[in-house]
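In what follows, a single structure is set out as structure tokens and then discussed.
The values are calculated or read from the model by the stated rules, or taken from the named source; none is laboratory data. Fair warning: this is a prediction, and the values are worked out from it, not measured in the lab. Backbone-built Cβ (ideal geometry, glycine too); neighbour counts: all protein chains shown. These accessible areas exclude ligands, DNA and RNA; they are computed on the full protein's heavy atoms, side chains included. Shrake-Rupley method; radii C 1.70, N 1.55, O 1.52, S 1.80 Å.
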Amino acid sequence: MQKATALAHPNLAFLKYWGKRDSKLNIPLNNSISMNLGGVYTQTTVEFDNALAEDEVLVVGQGAEAKFDRRVSKHLDRIRSLAQVSTRARVKTQNSFPAGTGFASSASGFAALTLAAAAALNLNLDERQLSILARQGSGSACRSIPDGFVEWIAGETSEDSFARQLATPDHWDIVDVAVAVSQEQKKVSSSEGHELALNSPFWDVRAGLLPSKYERMRHAILERNLVTFGQELETEAMMMHSIMMTSAHHDNTSWYSGIYYWLPDTLELIMAVQTWRADGLEVYFTLDAGPTVHLICLESNKSMVAEAVRRLATQHDRLNWVITENHPAPGARLVDG
Ligand code: DP6
């Protein structure tokens, strides 16, 4: 086979990857936990062709960014070197979600690219090997390889830093009601942010708390305990954002006391969640490196949560909020091109 197509979902981190032990290999400082998001996906076709002098990358629906092209080519080099070939490839990738809907395409993008390229080159890789490879494209991409609820074992070397399934997609009927409150590109990328995590004076506190938090969250998922899970989820999001907001740094023009991914609407939603919960609606939030608020609830409460968000948007005249619903989903898989 010289050509293959793969589909992968982005994943939402419940326990976060923020800070790297090795930034070249994307080896994280801690274990993390996530869920694949069923409402959105990336589909990627890779075709190796001896007639090509360079890799060609086509991002359907968006102008291809030179930076993305380079990352794709570099990733293909890793896969080519495993297969011991130098053939260039034509890559076509398409996101089901438009830019600005609050989903990072790098996790689903590098997971789909890894699987499609490995299949096109007839590499016989197991799930662990695929996740190790995807991780080198973008860290969080390793968690989009296995199905459902996933844990990424941090490890210390490339070979022992991989993602594995924690539970199948149908293990727990929770839903992510994602509310994107802005369509603007964030100013500090995740990759840049990771490098600043250790600048926070609170990093050591976080490092000390993470091992027991990981165990509690893992068990809460396995036992489908929404109360414990929700409390761990929210405190984890706030702890990561505390690290971000206290990661002081310089760039060429200025000094910054930290990275602020929130917008005023983000805080509006965080406060609303506390009110809704106090009023008896069981819903918890988490946030990644952006202003989008992910609301986690049971499937049976999904409509009420979405309705509460719509009411809030109407009250505040927020016509630009984009709401999507995501159920736990399978991992990366091959599909017809
Ligand atoms: C906040 O995987 O995008 O979403 O490895 O540099 O590509 P790179 O970073 P990336 O970081 C994701 C950060 C996060 C938390 C998480 O997904 O665990």
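For the reader, a short list of remarks on this structure follows.
- Filtered residues of region 1-31 (kept if more than 10 Å from the ligand (Cβ to nearest atom), under 19 Å from Ala332 (Cα atoms) and part of a strand (DSSP E or B)): Lys3, Ala4, Thr5, Ala6, Leu7, Ala8
- Residue ID - nearest to Val46 (Cα to Cα), chosen from residues in region 66-108 that are out of contact with any Asp or Glu (no Cβ under 6 Å at 6 or more places or on another chain), open to solvent by 30 Å² or more (accessible area, probe 1.4 Å) and part of a strand (DSSP E or B): Lys92
- Set Asp251, Asp204: member being open to solvent by 40 Å² or more (accessible area, probe 1.4 Å), at pLDDT 95 or above and not hydroxyl-bearing (Ser, Thr, Tyr): Asp204
- Identity of the residue in region 32-62, small (Gly, Ala, Ser) and either open to solvent by less than 10 Å² (accessible area, probe 1.4 Å) or modelled with pLDDT under 95 (or both), that ends up farthest from His219 (Cα to Cα): Gly61
- Qualifying residue in region 285-294 (condition: assigned by TED's automatic domain parsing to the domain that holds Leu210 and loosely packed, with under 14 Cβ neighbours inside 10 Å): no
- Of everything listed in (1) closer than 30 Å to Leu113 by Cβ; (2) in contact with a Phe, Trp or Tyr (Cβ under 9 Å, 6 or more places away or on another chain); (3) open to solvent by 10 Å² or more (accessible area, probe 1.4 Å), the single unmet condition for Ala329 is (3).
Conditions tested, residue by residue: (1) free of Cβ contacts under 8 Å to residues at least 12 places away in the same chain; (2) within 13 Å of the ligand (Cβ to nearest atom); (3) crowded, with 24+ Cβ neighbours inside 10 Å; (4) not in a strand (DSSP E or B).
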residue	(1), (2), (3), (4)
Ala116	no, no, yes, yes
Leu123	no, no, no, yes
Gln136	no, yes, no, yes
Ser140	no, yes, yes, yes
Glu151	no, yes, no, no
Leu166	no, no, no, no
Gln185	no, no, no, yes
